[in-house]
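Take a look at the structure below.
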Amino acid sequence: MQRVDLTSIRSQLTELASGGEGIVHSISGQPQLVYKEYKRIVLPKLNVAALEGLADLQSHIPANDWARISDRTTWPHTLVFEGSQVVGFLMDRIPASFLKKYGLARSPRNVLCEWNYLIHRGGTTAATMVSEIPQVDTKIILSLIKDLASTVQVLHRSGVVIGDMSGKNLIWDISPAPRVLIIDCDSFRLDGKPSTTDPKQSPEWTDPTVGGGPTTMGSDIYKLGIAAYRSLWRSTSGEPSQSTLRNQTPPGVPADLVELIVSSTAPSGRPTAEDWVHTIDRIHRFGGRPVIGAGQARDPSGPVARPTLNTGAGISRQPNPATPGSPPPPPILEPPPVPPRPRLPPQ
């Protein structure tokens, strides 16, 4: 775990944004990093051990898993001290591709491309307005959901509970490929451990099974279901009922995904993030068609061996061991290697 003394960067700080618990600053000469400083009112109840556990996660998980987490979150990786007290942390700056121009044409703002924009997609933009928010269809949304589920899968495998997942801290882009970034990661916690600050859940994204207590990995799955429901049904609020999901299904939403959302938002028996990834893989493989029983050796709808990821960039395929006539597995688009994160000199 790395640490930096606040005095070594204080003169380089410029305030970017202020939230309920902290203030985010840019760092002159370090364009890929930002500093989040906790407000003085938060420091007395800050659980430093929990924050240290998050910052030290990289040393406890496989390199491939850390590469995924590092690329799909704004992870707190370096603690900032003022004397002997932790006052904040460094994290990677949100890439510019997740910022879009939006607002009045004469003075548009750069806004984060939040999950909520998927809900309000498809409307017309007035002549006095400008919007760079991408227009998406159901296929792209399914790819975004799978990308998010893949990150949740790695986080859960690494023993991390997200907790406060909402339409504000899930941001997305579709170029060069659909991709979801989770922000506000200092609210995450290691499973079985307390969180850095008081546990929280955003309105309309609250898991009804936990009440006021800490969220769980099951809560993350509930919110994954809510994220899918909100984006595909274009619903701004409320918990989906089974009747709404099954009887008011938007065109192009496969039945397999409907049932996955139903089970994910149920009080118990929720699936895993891996179930989400496999289900969307199957939907893509069969083009959304229903998958019939696959127990017979020559059944063309039977399961196909899943391709494996190579460590290099590019597209890889695994030989298909299924019988003739089986559909080939789709290519796996592999991300380029994650470049080394810039580090300030350790203090």
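Readers should treat all values here as calculations from the given coordinates under stated rules, not as data from a laboratory. Bear in mind that the values here come from a model prediction, so they are computed numbers and not experimental data. Every residue, glycine as well, gets a Cβ built from its backbone with ideal geometry; the counts of neighbours run over all protein chains shown.
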Lys/Arg Cβ at +1, Asp/Glu Cβ at -1, dipole of segment 1-132 taken about the Cα centre: which of 116, 95, 25 is farthest positive-ward? 116
Taking the Cα centre of segment 138-285 as the origin, how large is its charge dipole in debye, to the nearest 20, when only Lys and Arg (+1) and Asp and Glu (-1) carry charge on their Cβ atoms? 280
3J(HN,Hα) from dihedral phi, segment 226-231, Karplus parametrisation 6.51/-1.76/1.60, rounded to Hz, x for glycine, proline: 5, 4, 5, 4, 4, 6
Packing-based ranking, highest mean first, of 217-226, 68-77 given that Cβ atoms within 10 Å are counted: 217-226, 68-77
Applying the Karplus parametrisation 6.51 cos²θ - 1.76 cosθ + 1.60 with θ = phi - 60° to the phi angles of segment 258-263, what ³J(HN,Hα) value in whole Hz is obtained for each residue in order, glycine and proline being reported as x? 4, 5, 5, 5, 4, 6
Please give the Cα centre distance for segment 52-76 versus segment 146-195, rounded to the nearest Å. 11
Cα gyration tensor of segment 12-95, axes a ≥ b ≥ c as square roots of the eigenvalues: rounded (a/c below 1.5), prolate (a/b > b/c) or oblate? oblate
Which entries in 139/200; 36/100; 45/193; 101/168 show an alpha-carbon gap greater than 24 Å? 139/200
Can you compute 3J(HN,Hα) from phi for each residue in segment 156-166, using the Karplus curve 6.51 cos²θ - 1.76 cosθ + 1.60 with θ = phi - 60°, rounded to whole Hz and x for Gly and Pro? 5, 4, 8, x, 10, 9, 6, x, 8, 9, 7
